[in-house]
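Notes for the one structure printed next.
The values are calculated or read from the model by the stated rules, or taken from the named source; none is laboratory data. Please read all numbers here as calculations on a predicted model, not as lab measurements. Cβ: placed from backbone, ideal geometry, glycine included. Neighbour counts: every protein chain shown. In case anyone asks, the SASA skips ligands and DNA or RNA and just uses the protein heavy atoms, side chains included. Shrake-Rupley method; radii C 1.70, N 1.55, O 1.52, S 1.80 Å.
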Amino acid sequence: MAPTKFDRLSEAEPGERFRIEKLDIEGTMKRRLLDLGFVPGCEVTVLQKSPLGDPTAYKVSNTTIALRIEESSNIYGERIRDDNE
Amino acid sequence: MTTNEYTIALAGNPNTGKSTLFNLLTGLRQHTGNWPGKTVVHAEGFFTYKDKQYKIIDLPGTYSLYSNSADEEVARDFIIFEKPDVTIVVLDATALERNLNLALQVLEMTNRVIVCVNLMDEAKKKGIRIDIAKLAKKLGVPVVPISARNEEGIDELLDTIDLMIRGAIQTKPIVIPYSRSIEEKIAKLLPLVKEIVGDKYPARWIALRLLDGDTSLLDALKQENHHSFKEVARYASNRSAKSV
Amino acid sequence: MRVTVPPNPFDHLMKYAQTLSNGDTREQIVSAIFRTSQEICNETVTYTKPSKQYETERLDRIVTSKLWGFPIMLAMLAVVIYLTIAGANIPSSMLANFFGWIEGYLTFAFEKLHAPDWLYGILVLGLYRGTAWVVSVMLPPMAIFFPIFALLENYGYLPRVAFNMDRLFKKSGAHGKQSLTMAMGFGCNAAAIMSTRIIESPRERMLAILTNNFVPCNGRWPTLILLASLFMAAGYTGGWKTFVTAGVVVAMVLFGIVVTLTVSWVLSKTALRGVPTHYTLELPPYRRPKIWDTIVRATLDKSVYVLKRAVAVAAPAGVLTWILANIHIGNTTVLAYIAHSLDPFAHQLGLDGYILMAFILGLPANEIVLPILLMGYLSTGALTEVDSLHDLKQIFLDHGWTWLTALNMMLFSLLHYPCGTTLINIYKETKSKKWTFIAFALPTGIAIAVTFLTTHIIQWLGLI
């Protein structure tokens, strides 16, 4: 099934929140991401991009994890735009 | 193995101050620093408390024990096969949620667990309050708040270790509720697993690992049971063949 | 007829389990665990100072920003090196004086006991001076550099460096965590080789191992600092001198990073082909280190380390060098003989035979390269007392040094083969003679090529 109806995590801008729906990644990397809290149903906050544009730091499960675009573009979900923390 | 020596394993996420605690207990000096993965060689040391000799192993810092990497396999194998007398899971008080995952995984593997919430000083600074008593009740094992680098809470930790060794603490680890479909599958596998491993290994955990297709654990189990497996083999294989 | 071994019961179970399972079992399991964690946390954790939660993020917004990320890294490097150079001068000369003072008593004692000259030569002029030199030159910079570095490390700055630099490493086909192993290399390449274990992919780990040497370790800092201050900053005085020296050393470090990235890139297109593996990098919250604890511990650990190495390596090397410098073939010493036979090749690299020989004899430890060189230069055949930097420079000038010689020696020191301990660790970690040899030959080839080109280009341009 093509997860087209969802946004990619890589498209979310710093400051935005993002609810994960699906990880389109296989193998060890997927398991590692799950361990770190990139779990369907969980919320991620986009913190900021590295000075050279990639990787990007995310706040997940109260920790900061940096992902490269190869991974974040395969994490699908929903951008939460109304930022009222 | 000497008769009066007890084994303690230190498990925890990377960068939770495990090595600091290890250094504090053993008087050894492992390299510590604020970045994940700096403990590259897993270390063991010794200490004595209340006339008991302890051997303490600093397992590699891992995010889980699901055999995604060599480190995780080392940590998992140690807990499952070496059966330490106490496994201390060190948690970072400032990121309790992510850290608890590992604790929950360990609690599925053994009930001889002490959860050690480290970096309490950092948490306090950040205004994070943790209800330790409630946490202990939820998890079903002792929880000790410490600050390893300020050497706070260490006496309580040592006393808790001592009590657990003496059998004075009854633990009742939390059972994680899975989705209905997973629970059904566990129910089907559980009797078969119990038949093969008996009380030697935690059956529910093994059933979960099998469902997850953890071949690395499978290989480790086979290796470990190489000698004892022949007599069980015929019986078990008949049995499971029947059920399939 | 063969009896078939019954299949392993676990295999059976696994097969059965797999018929039950579907693709997203792991996701379901992990989700359940996370949900449980969340529920527990919701009931046990309360946040009383919400604004405090964002301190790390606020700092990161500056430290890893597009505008400030790289300038801050550069500034940190420059400040650490500047403080090291500025702070080490006085304690270094104090230590040298102290050892000289003790040597006076030793000489007196040897004379009193009517000890033979050769024994005095080996023990005092060789062993004692060699060790004293290493200790007085190495110890102060290390006692400044490492505590500062440890403070940055304990504060949590290193993962930010890895975060900022990641793209560069990815482009060169290397692992993003290579910058962490390089940071360890500043302390000791041998220890850094062990730290490459944090890189799981064997290909990328090999890249990290083969290039770690391009980060100057504590054995090479003093060489770089000393030569930079004697020759590159010669025209400056006072504060400017330290500043220029630091600038040259920083430039050397940056050049080492460029070489690391280039070599990684070339290797990942050739012998170690492959795409960078995926990885995740955790940026832990900043934690204020226990300042005095960190300083005291880093200083003591490093001092003990340097002292041990001085005794274990510098002392015997001092003895050996003294012997070589005092055994005569015809009317020249063995040391001079070797140096002269290396001369033609060394001149092509803008060096001389003594320098090259010092590097060769210095294989066990980079710390002793400079002492051996000085001993070679001195007709007395023993290590000189480094009372003043001016004397030291005169020795070099007497042997035909120019700033180009100094530059080439710095480049060669930065780029040449790893020390013996590091090579042993590389062999232990790779379990391969071939790769250990490559780890030796590759940097050496680069060191030769770079110094050769530097020398010839500068001579051709008529700059010297």
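C:LEU281 falls short of the stated requirement of being within 30 Å of B:ASP121 (Cα to Cα) and at pLDDT below 85.
Among residues belonging to region C:32-86 that are hydroxyl-bearing (Ser, Thr, Tyr) and more than 30 Å from B:GLY140 (Cα to Cα), point out the one that is farthest from the other protein chains (Cβ to nearest Cβ). Taking the candidates together, the pick is C:TYR82.
So which of C:GLY376, C:GLY330, C:GLY274 ends up being modelled with pLDDT under 85 and either in contact with a Lys or Arg (Cβ under 8 Å, 6 or more places away or on another chain) or closer than 30 Å to C:PHE169 by Cβ (or both)? Steps first, answer last, please.
Details: C:GLY376 fails: either in contact with a Lys or Arg (Cβ under 8 Å, 6 or more places away or on another chain) or closer than 30 Å to C:PHE169 by Cβ (or both); C:GLY330 fails: either in contact with a Lys or Arg (Cβ under 8 Å, 6 or more places away or on another chain) or closer than 30 Å to C:PHE169 by Cβ (or both).
Only one candidate qualifies: C:GLY274.
The set of residues in region B:183-204 being over 20 Å from C:ASN22 (Cβ atoms) and more than 10 Å from every other protein chain (Cβ to nearest Cβ) consists of B:PRO191, B:LYS194, B:GLY198, B:ASP199, B:LYS200, B:TYR201, B:PRO202, B:ALA203.
Name the pairs whose Cβ atoms lie under 7 Å apart, with the first residue in region C:156-184 and within 19 Å of C:SER201 (Cβ to Cβ) and at the interface with chain A (Cβ under 10 Å from one of its Cβ atoms), the second modelled with pLDDT of 95 or more and open to solvent by 20 Å² or more (accessible area, probe 1.4 Å), and 6 or more positions between them or separate chains? Correct list of pairs: C:LEU168/C:LEU261.
If you go through region A:28-58 one residue at a time, how many are facing chain C (nearest Cβ under 8 Å), assigned to a strand (DSSP E or B) and open to solvent by 40 Å² or more (accessible area, probe 1.4 Å)?
Residues flagged as facing chain C (nearest Cβ under 8 Å), assigned to a strand (DSSP E or B) and open to solvent by 40 Å² or more (accessible area, probe 1.4 Å) within region A:28-58 amount to 1.
Of everything listed in (1) in contact with a strand residue (DSSP E or B) (Cβ under 8 Å, 6 or more places away or on another chain); (2) in a helix (DSSP H, G or I), the single unmet condition for A:ARG79 is (2). Of the residues making up region C:92-115, not a single one is open to solvent by 60 Å² or more (accessible area, probe 1.4 Å), touching a residue at least 60 places away in the same chain (Cβ under 8 Å) and at the interface with another protein chain (Cβ under 9 Å from one of its Cβ atoms). Across region C:391-401, the qualifying residues are those that are open to solvent by 50 Å² or more (accessible area, probe 1.4 Å) and not charged (D, E, K, R), and the one among them that is nearest to C:GLY362 (Cα to Cα) is C:HIS399. Filter region B:97-118 down to residues that are at the interface with chain C (Cβ under 8 Å from one of its Cβ atoms) and over 9 Å from the mean Cα position of the chain (by Cα) and give me whichever is most open to solvent (accessible area, probe 1.4 Å). Looking at the filtered set, the residue picked out is B:GLU97.
The condition of being within 28 Å of C:VAL248 (Cα to Cα) and under 23 Å from the mean Cα position of the chain (by Cα) holds for C:ALA86. Each residue in region C:13-31 was checked for being open to solvent by 30 Å² or more (accessible area, probe 1.4 Å), facing chain B (nearest Cβ under 8 Å) and within 20 Å of B:LEU192 (Cα to Cα), and 5 of them qualify. Tally the residues that are at pLDDT below 80 and hydrophobic (A, V, I, L, M, F, W, C), restricting the search to region C:1-43. Residues meeting the conditions: 4. One residue is enough: does region C:64-82 have a residue meeting the conditions over 25 Å from C:PHE186 (Cβ atoms) and either free of Cβ contacts under 8 Å to residues at least 60 places away in the same chain or among the charged types (D, E, K, R) (or both)? Yes - at least one qualifying residue is present in region C:64-82.
Selection of region B:131-149 for residues being open to solvent by 10 Å² or more (accessible area, probe 1.4 Å), on the phi < 0 side of the Ramachandran plot and out of contact with any helix residue (DSSP H, G or I) (no Cβ under 6 Å at 6 or more places or on another chain) yields B:ILE132, B:ALA133, B:ALA136, B:LYS137. Quick one: in region C:294-311, of everything that is open to solvent by less than 70 Å² (accessible area, probe 1.4 Å), under 19 Å from the mean Cα position of the chain (by Cα) and not hydroxyl-bearing (Ser, Thr, Tyr), which residue is farthest from B:LEU24 (Cα to Cα)? Only one residue tops the list, namely C:ALA310. Counting only residues that are open to solvent by less than 40 Å² (accessible area, probe 1.4 Å) and in contact (Cβ under 8 Å) with a residue 12 or more places away in the chain, region B:198-208 holds 7 of them. Listed by position, the helices (runs of 4 or more DSSP H) contained in region C:202-310 that have at least 2 residues being basic (Lys, Arg) are C:202-211, C:238-269, C:291-309. Among the residues of region A:15-22, at least one is in contact (Cβ under 8 Å) with a residue 12 or more places away in the chain, open to solvent by less than 60 Å² (accessible area, probe 1.4 Å), at the interface with chain C (Cβ under 10 Å from one of its Cβ atoms) and in contact with a strand residue (DSSP E or B) (Cβ under 8 Å, 6 or more places away or on another chain).
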